[in-house]
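Comments concern the structure below.
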Amino acid sequence: MTWYFLRLEIVRALRDPRYLALAVATPIGFYLLFATLFGGAPVRPGELRGTVEIMVAMAAYGAIWAVLSTTGPRIAQEREIGWLEQLRAMPVRAWQVLAAKLVAGGAMALPAICSVCLVAALAKGVRLGPGQWAGLVVAMWLGTAAFAALGVAIGYAVNADASYVVCYGLYMVTSAVGGLWVPPGMLPESFRSVSGWLPSNRLADLGWQIAGGHPALWPAIGVLAAWTAGLAVVAVLIYRRPRLRRSRPPGGTAHLNGQNEEARAGEARAGRAGARTAVRADG
Amino acid sequence: MSGTRVRRSAASAISLRSVSKGYGPVRAVRDLSLEVRPGETVALLGHNGAGKSTTVAMLLGLVGPDTGRALVCGHDPARAVQDGLIAAMLQDAGMMPGVRVAELVGLAHRAYPSPLPVARALELAGLTEVASRRVDRLSGGQAQRLRFAVAVVADPEIVVLDEPTRALDVRGRAEFWEAMRAYAASGRTLLFATHYLDEVDENAGRVVVMAKGRVIADGTPAEIRGRVGGGTVRFSCDAGHGAFAALPGVTGVEVRGERVLLRTADADVTVRALAAGVLPWRDLRVTPASLDESFLMLTEEAS
């Protein structure tokens, strides 16, 4: 049952054209653009070639959105339409629901990372050792756990429309400040001091270190582990907030009627009359 | 298989003993007691806010009663849900977006301990033809029957439906109840909350009327009508209009041209008096009180 649940979560993400567009196609497009413009030899000794550095940055960029979009907006949407409540009325444990979401979110990062690497190898002639390729993909994949926790926290904290905006906003900010668009070395001084503490930067750092051949992974692992643990605690706290445990109190209260109206307004926004299951912000 | 399951079940399919539940200052359910025997089809009738959904939520272990005890097939509700003895279609419950009908029913199939085959559940719900359609591309009626399929695939002793035909058109409702009657005929217990009275008349063997968190009437649809009694007497008459209000049993008089409509607490008495009288009436018609009228009168009495 847990496996089937997980399979459905993955299948539905793959069926969503927005996933392929934003988490896979966009990073590949950016990679080809940036690698063509800035893909020259390293400026200083010890630095990575531009084609490699940008490959890792774009792999992280795609992976972060893959994970955030399959956790935050989806959980918020499912809370809103009552699917999570229906699951509570079935013999499905809360941990099974959460585990399926987290693992599915994580799984969605893998195609995002691999596709950028593949394009880099094929189109820009990036060559790494087999151990480096494997290490880079696996390390960056595991590193996305922090974003899965962030997505879950957002999904339980705000409604579907807001969760999409919040996820996308955080995604853009952490990508920019984390040095995924411009190399960290070219960032303004004020950004650079923050950059190393961000999970986005450290996710890419895992890849940069491994691709560089003499990896110093512990700083990145330390920062990512701290973010993951911290955000996981936040997610659990938000999940346990009493009003969310009973996010749709059953009938007969003014509170409920208000919520129903909210849901109906959401439906109207979705522009699909009669379909309670309308997909809105399912990224 | 069904033999062992019937033996396993207790004398009462559903047993609510003096349960109460409040949300802050709102007393949603007050000292409610209800016994449902296996195989009954029970309609839970009441206005919005009468406590129907809270009652349903207690039967599923989604909320615990503040006081009193809820038992489902003799078990704690949460346990009965785990064992697949009770399965529900919640009011407005959304379905996992982006998956196909058969996939979603397959998920529920895997969640329950002794489920029906997916194909059988789809058949019972009349969804076989749309099995490979995405759940977010179903019509209102199909979506509602999908919710039924997700519950019925558990092969439960008790199916609970919370306002199952809300927002359905006439045809969707007819199709839905057709599927539901076929299922109830298999001897399973069906409890549904609704405020559509025609559905109650056609589909329930027993009606439990709720108002303000309490049961205010409990019986067959005919008994509920009978409790309020009376009906309307219509006829044409072009003289003596002033005398109608004085007839025995009459509680209201409406006159339009020569058409006369009398509301009466006891149609028999009123008609006998009319027949014994001298008024030149013709085209007499007697209609029993509709469930609608009974329901309104019952709930008005309660408030």
Just the residues that are of a type outside the set (Ser, Thr, Tyr) and either open to solvent by 70 Å² or more (accessible area, probe 1.4 Å) or not in a loop (DSSP other than H, G, I, E, B) (or both), please, taken from the range A:167-187. A:Cys167, A:Gly169, A:Leu170, A:Met172, A:Val173, A:Ala176, A:Val177, A:Trp181, A:Pro184, A:Gly185, A:Met186
Tally up the residues in the range B:249-276 that are more than 14 Å from B:Arg234 (Cβ to Cβ), of a type outside the set (Val, Ile, Thr) and open to solvent by 40 Å² or more (accessible area, probe 1.4 Å), please. 6
Restricting attention to the range A:188-207, and to residues there that are outside any helix (DSSP H, G or I) and not hydrophobic (A, V, I, L, M, F, W, C), which single residue is most open to solvent (accessible area, probe 1.4 Å)? A:Pro188
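Go through the range B:40-74 and give me each residue that's away from chain A (no Cβ under 13 Å) and of a type outside the set (D, E, K, R). Please lay out each step first, then the result.
Step one: filter the range B:40-74 for residues away from chain A (no Cβ under 13 Å), giving B:40-43, B:45, B:66-71, B:73-74.
Listed by number, the residues that qualify are B:Thr41, B:Val42, B:Ala43, B:Leu45, B:Thr67, B:Gly68, B:Ala70, B:Leu71, B:Cys73, B:Gly74.
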When you go through (1) modelled with pLDDT of 90 or more; (2) at the interface with chain A (Cβ under 10 Å from one of its Cβ atoms); (3) closer than 26 Å to A:Leu14 by Cα; (4) surrounded by fewer than 21 Cβ atoms within 10 Å (Cβ to Cβ) one by one for B:Thr128, which number turns out not to apply? (2)
What do you reckon, is A:Leu8 of a type in the set (A, V, I, L, M) and open to solvent by 10 Å² or more (accessible area, probe 1.4 Å)? no
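Assigned to a helix (DSSP H, G or I), open to solvent by 10 Å² or more (accessible area, probe 1.4 Å) and in the same structural domain as B:Glu35 (by TED's automatic domain parsing), is that true of B:Arg171?
For B:Arg171, the condition - assigned to a helix (DSSP H, G or I), open to solvent by 10 Å² or more (accessible area, probe 1.4 Å) and in the same structural domain as B:Glu35 (by TED's automatic domain parsing) - is met.
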Does B:Gly39 satisfy the criteria of being outside any strand (DSSP E or B), of a type outside the set (Val, Ile, Thr) and in contact with a Gly (Cβ under 6 Å, 6 or more places away or on another chain)? yes
Would you say B:Asp201 is in contact (Cβ under 8 Å) with a residue 24 or more places away in the chain and surrounded by 19 or more Cβ atoms within 10 Å (Cβ to Cβ)? no
Determine the pairs where a residue that is charged (D, E, K, R), located within the range B:38-58, has a partner that is in a loop (DSSP other than H, G, I, E, B) with Cβ atoms under 7 Å apart, the partner being 6 or more residues away or on another chain. B:Glu40/B:Gly205; B:Lys52/A:Gly251; B:Lys52/B:Gly46
Just checking, does the range B:206-228 include any residue being in contact with a Cys (Cβ under 9 Å, 6 or more places away or on another chain), over 30 Å from B:Leu127 (Cβ atoms) and of a type outside the set (A, V, I, L, M)? no
Considering the range B:103-124, residues that are within 11 Å of another protein chain (Cβ to nearest Cβ) and part of a helix (DSSP H, G or I), and then whichever is farthest from A:Arg93 (Cα to Cα), we arrive at B:Glu103
Out of the residues in the range B:139-167 that are in a loop (DSSP other than H, G, I, E, B) and modelled with pLDDT of 90 or more, which is nearest to the other protein chains (Cβ to nearest Cβ)? B:Ala154
Checking B:Gly98 against (1) more than 23 Å from the chain's Cα centre (by Cα); (2) under 21 Å from B:Pro164 (Cα atoms); (3) not acidic (Asp, Glu), only one condition comes out false. Which one? (2)
So is B:Arg188 farther than 24 Å from B:Gly51 by Cβ, within 14 Å of another protein chain (Cβ to nearest Cβ), over 15 Å from the mean Cα position of the chain (by Cα) and open to solvent by 10 Å² or more (accessible area, probe 1.4 Å) or not? no
Residues being of a type in the set (A, V, I, L, M, F, W, C), open to solvent by 70 Å² or more (accessible area, probe 1.4 Å) and either touching a residue at least 60 places away in the same chain (Cβ under 8 Å) or more than 23 Å from A:Leu68 (Cβ to Cβ) (or both): count how many of those fall in the range A:208-235. 2
Suppose we filter A:Leu32, A:Leu37 for residues that are surrounded by fewer than 20 Cβ atoms within 10 Å (Cβ to Cβ), over 22 Å from A:Leu110 (Cα atoms) and either away from every other protein chain (no Cβ under 13 Å) or out of contact with any Asp or Glu (no Cβ under 7 Å at 6 or more places or on another chain) (or both); which single one remains? A:Leu37
On the given criteria, is A:Trp65 in contact with a helix residue (DSSP H, G or I) (Cβ under 7 Å, 6 or more places away or on another chain) and either touching a residue at least 24 places away in the same chain (Cβ under 8 Å) or of a type in the set (A, V, I, L, M, F, W, C) (or both)? yes
Look at A:Ala76 and say whether it is touching a residue at least 60 places away in the same chain (Cβ under 8 Å), farther than 19 Å from B:Leu90 by Cα, open to solvent by less than 10 Å² (accessible area, probe 1.4 Å) and within 14 Å of chain B (Cβ to nearest Cβ). no
From B:Phe295, B:Phe244, grab the single residue that is of a type in the set (A, V, I, L, M, F, W, C), under 28 Å from B:His47 (Cα atoms) and outside the structural domain of B:Gly205 (by TED's automatic domain parsing). B:Phe295
Cβ-Cβ distance below 7 Å, separation of 6 or more or different chains: which pairs start in the range B:69-93 with a residue that is outside any strand (DSSP E or B) and end on one that is of a type in the set (Asp, Glu)? B:Cys73/B:Glu157; B:Gly84/B:Asp155; B:Leu85/B:Glu157; B:Leu90/A:Glu85; B:Leu90/B:Asp162; B:Gln91/B:Asp162; B:Gln91/B:Glu163; B:Ala93/A:Glu85
Which residue pairs have Cβ atoms under 6 Å apart, sit 6 or more places apart or on different chains, and have a first residue in the range B:249-272 that is on the phi > 0 side of the Ramachandran plot and in the same structural domain as B:Ser290 (by TED's automatic domain parsing) and a second that is crowded, with 20+ Cβ neighbours inside 10 Å and not aliphatic (A, V, I, L, M)? B:Gly249/B:Thr264; B:Gly249/B:Thr270
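The values are calculated or read from the model by the stated rules, or taken from the named source; none is laboratory data. If you're wondering where the values come from, they're calculated on a predicted model, not measured in any experiment. Because the Cβ atoms are built from the backbone with ideal geometry, glycine has one as well, and the counts that use them run over all protein chains shown. The area values use the complete protein model at the heavy-atom level, side chains included, leaving out ligands, DNA and RNA. Shrake-Rupley method; radii C 1.70, N 1.55, O 1.52, S 1.80 Å.
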